[in-house]
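Chemist: Following this message is one structure expressed as structure tokens.
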Amino acid sequence: MTFNQSSLFGQIDDLQDLAIIERPIRRSLKTAEEIEKLTVDEDLNDIERAVYLLSSGQDVQRASVVINLPNLVRQNPAETFRRVVPKVREVLHVAGVEMQLAAAGSFLTILQDDIILIQTHTHSILQIVLLNLDHRDAVVSNAWLETLLSAIDALPKETIRQEILNPLVSKAQLSQSVQARLASCRILGKVAGKFESQIVKKDLLPLVRSLCQDVEYEVRSCMCHQLENIARGIGVDHTKAVVLPELVELARDEGSTVRLAAFDTIVNLLEMFDNDDRTRVIFPLVKAFCEKCFKADEAVLASLSFQYGRLCHGLSGSFTEEQHLWFLEFYKKLCILGLHLENGHCESQAYPLELERKYELVRKNCAYNFPAMVLFADPKCFLSELYPTFSSLCNDPEISVRRTVAAGFHEVVKLLGSNVHYIHKELVALLQDDSLEVLDALTNTLQDTLELATSRGEGAGPESKQVSVPDLIPALAAAEQKTAASLRWRVHEKLLQRYSCLPRIISGDQIYFRFLQRMFTIITTNNVLPVQREATRTLCVFLRYNRKLEQRQEIIGKVVDQLAQGRSYWNRLRYLDLCEIAMELFSKSYFCKHFLVPALELVSDPVANVRYKLCCLLPRLKSTIRLPAEKPMLQQLEFCVRRLLCREKDKDVVATIRKTVLELDKIDMTEPYHKRHERDLLDQKKEKEETLLLEMEQLERQQSEGKLTIDKHSDKKRRDSKTGLTIPKNLSGSASGATLSSSAGKEMKKAKLARSRSLSSHPTTPKMVNSDKPPKGKETGSGPGTGKGSLLPMNDDALRSHHFSTTPTSMSPTPSASMPVLIRSNTTNTLDHRSNGAKDTQSRKLSIQRKSNSFGMQSGRE
């Protein structure tokens, strides 16, 4: 057999396999008889077609009629209820689960949409619903029960009384099934809010009492859950007399689910009990319940721990000091349930797996309730009462517990206020946690957490003083490295987004040396586009709030070199993304000065994707150009458009540039005036903030130079005092005194001359020297003579927090308390004017004194 023959037989085998595969498909096609059965006469109207399909159609056709029943009722309600609904009732007796569920949904739509006009129609539907409540399938029965409960809200009171309450009395009897009695409990709880308290007390309370004392624990538990609705329906007075005794009895029930239901109901009704009831009845009852659960009923502990925060908060106003301490100590026991301390660390004990999972859930619920317990114990007592418990929860061996603590960490920080430094160590520990789930939960509120954790004040506003957190910066850097090394890029993206708050937390130098290069690395090497874009935005935020000119210039140089002029087209695309972000963060003038030209140079990029993205960005780039100051920029942009129109060969880029040309022509005409005005105001605000950054940088530089000058003078004085050198006070008149002493030879003349020198040396020497030199505006705050009067103390954190305040008053030209820089500059100017005026008056006084001295010397000679 040759090779061609073997290949031919192989193809035949493949065809036979395909034929075998097609056989079931052909068998599954409908036969002519089946198609005939599914065919319906086209001349029939909707009602006749529905009746025909319900009578002789298949299950699929019947289900379609049941689903379409609300539309039939809207079109022709009378005929639908006369002919179709009775057929549906007959079909439901033998219908399957799917049709039953479809019918429940359709009848609920009919009852809720107010499309029934006659009371008899409502009666017929409710009869069908109540009849199917006792269906043997629990799923179907629950579906019809939910339909009835949802319909009660839309039904009038009289209809509920006649159609629902009257049959309910018989369904709540012990002779009925457990399923019927459970449905009666839920219906009682639902209708209690529809009637007045007297009707509820008269008609419903006897049924409630009998169901609370039912022989089945499931019925007692279900009725106990509905006691909250019953209590709110009869009011506070009747609740104390009727509902509270039933709750006390059910809380002592032999069934754990009944006791748990009673506990949940008591917690939900705490606001309806007065202080006397809470002290005498509720507290002993809850205490006994907690002790019993802790010793012998671990299944109930999970629900108890979940409701514990609400319980303590609701009862805190009625507790004595002893009761308050007992609940706090019981909470501490729950937080370490299933753990033992070894060398200061919590470790899991050896328990069966099911019991270990219950203990883990209890500790997780305790972590969820921890902020409420801080409020219960008083934040001032946190260090002595709850800090060990909080530390154990943050270092719990189970990830779910630590994740829950991390999710509520910001709430604890808010409650602690000025004592937030107590939990700095736990914040760093959660940032360095091995589990990304914990870090993800902490990242959701990381911005609020960091701002509050690093402020000494009550909030994180511009007036709060910043405080450093030990090991915070390494922990943040390590968290970013950990998320970058994982496959969960969404966590990495979220963390980079939260890092945009770092300029409010740490200094610009720390950001520059620890985080900035990392942003460049992510942008140029990461493979996930959302992560790259978020790193680009964070980089722009770091650049926006950096106050050192050299660092800003270096960052912009790196951006142009590594992104705009990068070797990879992917980096050049990221530069265009950066331009979009920069247009949002920076003013138009700043963007045009630093970012626009490198973006326009990409018009000659060899990759079509880059040119395509540039074409899409051209309208926004044009909107940043302000005429006539930036007319060369506009000419360069128009040159780029002409170049693309003339030389572009890629069809997608050509189509895009043609659309862009139309947008560029309409950009000034189509935009409303109020939008332009709002954008211009926002741009002016950004420009003022950038100018303020430059002023702050100059003031910081002047202050540092002034400190250096003061240090040099103080060092010189110390050296002079050690060597015994002193500066004479009358140094200013030494030259004139030397000439007079050389010309005069008599002692009387020397004495008179010395007297004249002492008169002329009363003004201080520095003022005489400064009065001869014109004042310089740039050196008003750097000289040692004006350091005490003109320079206010400058706080780097205060200036940084001031820059991030987004209130419109922070950028107003009027000096205010929130603008320390402007106050400082105005104060310096006024002091300069005052000092110049004082120097002028002193120079005039000195000239008068010199004239009088010369007249005295002439009289001495005579």
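The values are calculated or read from the model by the stated rules, or taken from the named source; none is laboratory data. No experiment lies behind these values; they were computed from the predicted model shown. In this analysis, Cβ positions are derived from the backbone assuming ideal geometry, glycine residues included, and neighbour counts consider all displayed protein chains. For accessibility, only protein heavy atoms count, side chains too; no ligands or nucleic acids. Shrake-Rupley method; radii C 1.70, N 1.55, O 1.52, S 1.80 Å.
Chemist: Restricting to the stretch 646-667, count the residues that are open to solvent by 70 Å² or more (accessible area, probe 1.4 Å) and closer than 18 Å to residue 599 by Cβ.
Modeler: 1
Chemist: Now for a different question. Only residues that are part of a loop (DSSP other than H, G, I, E, B), surrounded by fewer than 18 Cβ atoms within 10 Å (Cβ to Cβ) and touching a helix residue (DSSP H, G or I) at 6+ places or on another chain (Cβ under 7 Å): list them for the stretch 606-626, please.
Modeler: 607, 626
Chemist: What residue, among those in the stretch 389-417 that are of a type outside the set (A, V, I, L, M) and more than 22 Å from the chain's Cα centre (by Cα), is most open to solvent (accessible area, probe 1.4 Å)?
Modeler: My answer is 395.
A quick yes/no check of all residues on (1) open to solvent by 70 Å² or more (accessible area, probe 1.4 Å); (2) modelled with pLDDT of 70 or more:
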position	(1), (2)
14	yes, no
20	yes, no
25	yes, no
41	yes, yes
52	yes, yes
59	yes, yes
64	no, yes
68	no, yes
76	no, yes
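Chemist: Still on this model: Take the residues in the stretch 572-592 that are basic (Lys, Arg) and at pLDDT 90 or above; name whichever of them is farthest from residue 544 (Cα to Cα).
Modeler: Among those residues, the one meeting the criterion is 572.
Chemist: Any residue in the stretch 248-259 that is within 18 Å of residue 194 (Cα to Cα) and not hydrophobic (A, V, I, L, M, F, W, C)?
Modeler: Within the stretch 248-259, none of the residues are within 18 Å of residue 194 (Cα to Cα) and not hydrophobic (A, V, I, L, M, F, W, C).
Chemist: Show the residue pairs that are 6+ apart or on different chains and have beta-carbon atoms under 9 Å apart, the first residue being within the stretch 572-586 and closer than 14 Å to residue 559 by Cβ, the second being hydrophobic (A, V, I, L, M, F, W, C) and outside any helix (DSSP H, G or I).
Modeler: Listed pairs, sorted by first residue: 572/607; 573/607.
Chemist: Regarding the stretch 233-253, can at least one residue be identified that is of a type in the set (Ser, Thr, Tyr), out of contact with any Ser or Thr (no Cβ under 9 Å at 6 or more places or on another chain), open to solvent by less than 10 Å² (accessible area, probe 1.4 Å) and modelled with pLDDT of 90 or more?
Modeler: Within the stretch 233-253, not a single residue is of a type in the set (Ser, Thr, Tyr), out of contact with any Ser or Thr (no Cβ under 9 Å at 6 or more places or on another chain), open to solvent by less than 10 Å² (accessible area, probe 1.4 Å) and modelled with pLDDT of 90 or more.
Chemist: Say we look at the stretch 123-153 and pick out the residues that are surrounded by fewer than 20 Cβ atoms within 10 Å (Cβ to Cβ) and touching a Ser or Thr at 6+ places or on another chain (Cβ under 9 Å); which of these is modelled with the highest pLDDT?
Modeler: Only one residue tops the list, namely 135.
Chemist: So which of 190, 157, 194, 202 ends up being closer than 25 Å to residue 218 by Cβ, basic (Lys, Arg) and either touching a Leu at 6+ places or on another chain (Cβ under 8 Å) or open to solvent by 10 Å² or more (accessible area, probe 1.4 Å) (or both)?
Modeler: Just one listed residue meets the conditions, 190.
Chemist: List the helices (runs of 4 or more DSSP H) that sit entirely inside the stretch 254-328 and contain at least 3 residues that are more than 36 Å from the chain's Cα centre (by Cα) and free of Cβ contacts under 8 Å to residues at least 24 places away in the same chain.
Modeler: Where helices (runs of 4 or more DSSP H) fall fully within the stretch 254-328 and carry at least 3 residues being more than 36 Å from the chain's Cα centre (by Cα) and free of Cβ contacts under 8 Å to residues at least 24 places away in the same chain, they are 283-296.
Chemist: Taking the condition open to solvent by less than 30 Å² (accessible area, probe 1.4 Å), farther than 19 Å from residue 367 by Cα and modelled with pLDDT under 90, does residue 300 pass?
Modeler: no
Here's the yes/no breakdown for (1) in contact with a Lys or Arg (Cβ under 6 Å, 6 or more places away or on another chain); (2) at pLDDT 95 or above; (3) open to solvent by less than 20 Å² (accessible area, probe 1.4 Å):
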| residue | (1), (2), (3) |
| --- | --- |
| 449 | no, no, yes |
| 455 | no, no, yes |
| 458 | no, no, no |
| 467 | yes, no, no |
| 509 | no, no, no |
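Chemist: Which condition from (1) more than 14 Å from residue 598 (Cα to Cα); (2) open to solvent by 40 Å² or more (accessible area, probe 1.4 Å); (3) at pLDDT 90 or above is the one that residue 548 breaks?
Modeler: (3)
Chemist: If you don't mind, another one. Which one of 173, 198 is free of Cβ contacts under 8 Å to residues at least 40 places away in the same chain and in a helix (DSSP H, G or I)?
Modeler: 198
Chemist: In this structure, is residue 540 touching a helix residue (DSSP H, G or I) at 6+ places or on another chain (Cβ under 8 Å), buried (at least 17 other Cβ atoms within 10 Å of the Cβ) and over 27 Å from residue 649 (Cα atoms)?
Modeler: For residue 540, the condition - touching a helix residue (DSSP H, G or I) at 6+ places or on another chain (Cβ under 8 Å), buried (at least 17 other Cβ atoms within 10 Å of the Cβ) and over 27 Å from residue 649 (Cα atoms) - is met.
Chemist: Going residue by residue through the stretch 583-599, is there one that turns out to be under 23 Å from residue 688 (Cβ atoms) and not in a helix (DSSP H, G or I)?
Modeler: The answer is yes; a qualifying residue exists.
Every residue, every condition in (1) among the hydrophobic types (A, V, I, L, M, F, W, C); (2) surrounded by 17 or more Cβ atoms within 10 Å (Cβ to Cβ), yes or no:
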| site | (1), (2) |
| --- | --- |
| 506 | yes, yes |
| 518 | no, yes |
| 533 | no, yes |
| 555 | yes, yes |
| 565 | no, no |
| 579 | yes, yes |
| 582 | yes, yes |
| 586 | yes, yes |
| 601 | no, no |
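Chemist: Can you list the helices (runs of 4 or more DSSP H) lying wholly within the stretch 44-150 that have 1 or more residues being touching an Asp or Glu at 6+ places or on another chain (Cβ under 7 Å) and in contact (Cβ under 8 Å) with a residue 24 or more places away in the chain?
Modeler: Correct list: 46-56, 59-67, 69-75, 97-112, 119-131.
Chemist: A follow-up question, please. Go through (1) open to solvent by less than 70 Å² (accessible area, probe 1.4 Å); (2) of a type in the set (Ser, Thr, Tyr); (3) over 44 Å from the mean Cα position of the chain (by Cα) for residue 217 and report which single condition fails.
Modeler: Going through (1) open to solvent by less than 70 Å² (accessible area, probe 1.4 Å); (2) of a type in the set (Ser, Thr, Tyr); (3) over 44 Å from the mean Cα position of the chain (by Cα) one by one, residue 217 breaks only (1).
Chemist: Hey, another quick one. Among (1) hydrophobic (A, V, I, L, M, F, W, C); (2) crowded, with 18+ Cβ neighbours inside 10 Å; (3) modelled with pLDDT under 85, which single condition is residue 169 missing?
Modeler: It is condition (2) that residue 169 fails.
Chemist: Taking the stretch 216-233 as the region of interest, how many residues are within 10 Å of residue 257 (Cβ to Cβ) and in a loop (DSSP other than H, G, I, E, B)?
Modeler: Within the stretch 216-233, residues that are within 10 Å of residue 257 (Cβ to Cβ) and in a loop (DSSP other than H, G, I, E, B) number 0.
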